[in-house]
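J.: Attaching a single structure in structure tokens format; questions to follow.
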Amino acid sequence: MNCNCVRDNESRIADHYTELLGTPATAQAKNVAFMLGSKVSEAAYLPYAVKADKPGYRGAKGKEVSMFFSFCPFCGKSTEDEPAKA
Ligand SMILES: [Zn+2]
């Protein structure tokens with residue numbers, strides 16, 4: 001991710017629920033994975049349940065496969081590594 005939307009949203013959600021509930025609350029984004037590329041980064045993904053009549057795919061939840069977002073779902077910025085600045 002080339003933005004801080006996911007982490008910024010954690011703070012916003014924690015603040016919102018702290019006020020709503022009247023007690024300190026925390027929020028942690030799910031579906032965020034560490035990526036090892038030219039640098040360590042984080043990427044958000046959307047899991048899908050694939051169901052088929054094959055071992056590993058038959059359960060009620062099916063087999064989970066994930067697709068990573070190419071763009072931040074909040075601000076639209078590309079999630080690709082930005083080219084190094086000269
Ligand atoms: Zn963003």
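The values are calculated or read from the model by the stated rules, or taken from the named source; none is laboratory data. Just so it is clear, the structure is predicted and the values come from calculations on it, not from any experiment. Note that each Cβ is placed from the backbone with ideal geometry, even for glycine, and that neighbours are counted across all protein chains shown.
J.: Here is a list: 76, 22, 56. Which entry is on the phi > 0 side of the Ramachandran plot and within 16 Å of the ligand (Cβ to nearest atom)?
T.: Working: 22 fails: within 16 Å of the ligand (Cβ to nearest atom); 56 fails: within 16 Å of the ligand (Cβ to nearest atom).
It is 76.
J.: Of all residues in the stretch 31-81, which are among the hydrophobic types (A, V, I, L, M, F, W, C), closer than 29 Å to residue 5 by Cα and assigned to a loop (DSSP other than H, G, I, E, B)?
T.: Once the filter is applied, which keeps residues that are among the hydrophobic types (A, V, I, L, M, F, W, C), closer than 29 Å to residue 5 by Cα and assigned to a loop (DSSP other than H, G, I, E, B), the stretch 31-81 yields 69, 72, 74, 75.
J.: A follow-up question, please. Go through 9, 2 for me and flag whichever is at pLDDT 90 or above, within 15 Å of the ligand (Cβ to nearest atom), loosely packed, with under 15 Cβ neighbours inside 10 Å and closer than 25 Å to residue 66 by Cβ.
T.: Numbers: 2 fails: at pLDDT 90 or above.
Answer to the selection: 9.
J.: Is it the case that some residue within the stretch 34-50 is exposed (fewer than 10 other Cβ atoms within 10 Å of the Cβ) and touching a Ser or Thr at 6+ places or on another chain (Cβ under 8 Å)? Lay out the reasoning, then the answer.
T.: The first filter runs over the stretch 34-50 and keeps only residues exposed (fewer than 10 other Cβ atoms within 10 Å of the Cβ), leaving 34, 36-40.
With touching a Ser or Thr at 6+ places or on another chain (Cβ under 8 Å) added as a condition, the list becomes 34.
Within the stretch 34-50 (the criterion being exposed (fewer than 10 other Cβ atoms within 10 Å of the Cβ) and touching a Ser or Thr at 6+ places or on another chain (Cβ under 8 Å)), the answer is yes, since at least one residue qualifies.
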